[in-house]
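**Q** Quick one: this structure, given as structure tokens, is what I'll be asking you about.
The values are calculated or read from the model by the stated rules, or taken from the named source; none is laboratory data. Since the model is a prediction, treat every value here as computed from it, not as a measurement. Note that we place each Cβ from the backbone using ideal geometry, even for glycine, and neighbour counts take in every protein chain shown. Keep in mind that these areas ignore ligands, DNA and RNA; they rest on the heavy atoms of the full protein, side chains included. Shrake-Rupley method; radii C 1.70, N 1.55, O 1.52, S 1.80 Å.
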Amino acid sequence: MLFKQQALLRQKLFVLGSLAIGSLLYLVARVGSLDRLQPICPIEGRSGSHISEQIPLRTLQFQRGLLHELRKGNAMMEQIRLHNLVQQLPQAIIIGVRKGGTRALLEMLNLHPAVVKASQEVHFFDNDPNYAKGIEWYKGKMPFSHPHQITIEKSPAYFITEEVPERIFKMNSSIKLLLIVREPTTRAVSDYTQVLEGKERKNKTYYKFEKLAIDPNTCEVNTKYKAVRTSIYTKHLEKWLKYFPVEQFHVVDGDRLITDPLPELQLVEQFLNLPPRISQYNLYFNATRGFYCLRFNIVFNKCLAGSKGRIHPDVDPSVVTKLRKFFHPFNQKFYQIIGRTFNWP
């Protein structure tokens, strides 16, 4: 009898202990999420005036779960109306540049509780059939958000596509534009590497980088090669400046975003008039992947896709030297326009 009572007591203690541990883990997770979902400060609107309303903590907490349900198609429209969620046109767009780090920048900005991102590249302004569908179609591709949050999308092809600046200007002449760049030769090689990988997956052959980047007839840099043209940043930026003042652009150092992301993200927060929320806690270096991953809270981490950080092929040093010499005057002009120096070779 005594043995049975002792066994029953041990069983009760085990159950109570399990409940206590479970409650403790729940509280730890909730505390960890507060850093991610704390109420935010007023955000400066387009007109420059400050919006006095703050986003309630409960709304932000609910929204993360609801957005997940929305993506799965499980959320009811009544839930969306009840919690005052809307689809907004973007107040900021990452316009490029290809292989500069646009995906990393977008995912890192999404660490901020006042930012929501489009999950896929919409290609509205650079794709004629999509653009013909109209602005309401574009708006319908945006994520659900609280009215006072900032919606951001990214499509790297925007920067180099002729029609895009005017089309974005017609939508919103005061929109904020984010451009992320890397050292031009490195970016060109990265661009080539992505295309090469695609060819190899299809068992197709492809030219070496040197064959494409250098014109065999003149032995000079081949400006007809798209990867080279894309890296002439100043040529593309000048087309944008016909519609937007330079103050509406913020240029992000893509090379620094890889090695030391926090300072670059803090500059973007300032540019977007966001209260500082992204901290070193949100970023941790993954030695296996070789770059920084994201920590939203104590239970939710995220690394970029495995396709990021591809190993570049070895390029003839003489070709690298020739490309850097070619890009140098364009880089100097780019520095002058944006008022920032990157010390590229």
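**Q** Determine, yes or no, whether residue 278 is in contact (Cβ under 8 Å) with a residue 60 or more places away in the chain, open to solvent by less than 50 Å² (accessible area, probe 1.4 Å), part of a loop (DSSP other than H, G, I, E, B) and over 14 Å from residue 101 (Cα atoms).
**A** Numbers: in contact (Cβ under 8 Å) with a residue 60 or more places away in the chain: yes; open to solvent by less than 50 Å² (accessible area, probe 1.4 Å): yes; part of a loop (DSSP other than H, G, I, E, B): yes; over 14 Å from residue 101 (Cα atoms): yes.
It is true that residue 278 is in contact (Cβ under 8 Å) with a residue 60 or more places away in the chain, open to solvent by less than 50 Å² (accessible area, probe 1.4 Å), part of a loop (DSSP other than H, G, I, E, B) and over 14 Å from residue 101 (Cα atoms).
**Q** Let me ask something else. Output the helices (runs of 4 or more DSSP H) that fall wholly within region 206-256 and possess 2 or more residues being open to solvent by 30 Å² or more (accessible area, probe 1.4 Å) and under 18 Å from residue 179 (Cα atoms), or say none.
**A** On the way: elements: 209-213, 226-230, 233-240.
Those helices (runs of 4 or more DSSP H) span 233-240.
**Q** If only one of 254, 290, 309 is touching a Lys or Arg at 6+ places or on another chain (Cβ under 8 Å) and at pLDDT below 95, which one is it? Give the steps one after another, and end with the answer.
**A** Numbers: 254 fails: at pLDDT below 95; 290 fails: touching a Lys or Arg at 6+ places or on another chain (Cβ under 8 Å).
Testing whether each residue is touching a Lys or Arg at 6+ places or on another chain (Cβ under 8 Å) and at pLDDT below 95 leaves just 309.
**Q** Right, next: Which pairs have Cβ atoms under 8 Å, sit 6 or more apart or on different chains, and link a residue in region 238-263 that is more than 15 Å from residue 99 (Cα to Cα) to one that is among the hydroxyl-bearing types (Ser, Thr, Tyr)?
**A** Here the result reads 243/173; 244/173; 248/174; 261/292; 262/279, each pair linking region 238-263 to a residue that is among the hydroxyl-bearing types (Ser, Thr, Tyr).
**Q** Sticking with this structure for a sec: Which of the numbered conditions does residue 339 fail, given that it passes all the others? Conditions: (1) among the small types (Gly, Ala, Ser); (2) open to solvent by 30 Å² or more (accessible area, probe 1.4 Å); (3) within 19 Å of residue 189 (Cβ to Cβ).
**A** Evaluating residue 339 over (1) among the small types (Gly, Ala, Ser); (2) open to solvent by 30 Å² or more (accessible area, probe 1.4 Å); (3) within 19 Å of residue 189 (Cβ to Cβ) leaves (3) as the failure.
**Q** Then there is this: Go through the residues of region 298-318 one by one and say whether even a single one is surrounded by 13 or more Cβ atoms within 10 Å (Cβ to Cβ), on the phi < 0 side of the Ramachandran plot, in contact with a helix residue (DSSP H, G or I) (Cβ under 7 Å, 6 or more places away or on another chain) and outside any loop (DSSP other than H, G, I, E, B).
**A** Among the residues of region 298-318, not one is surrounded by 13 or more Cβ atoms within 10 Å (Cβ to Cβ), on the phi < 0 side of the Ramachandran plot, in contact with a helix residue (DSSP H, G or I) (Cβ under 7 Å, 6 or more places away or on another chain) and outside any loop (DSSP other than H, G, I, E, B), which makes the answer no.
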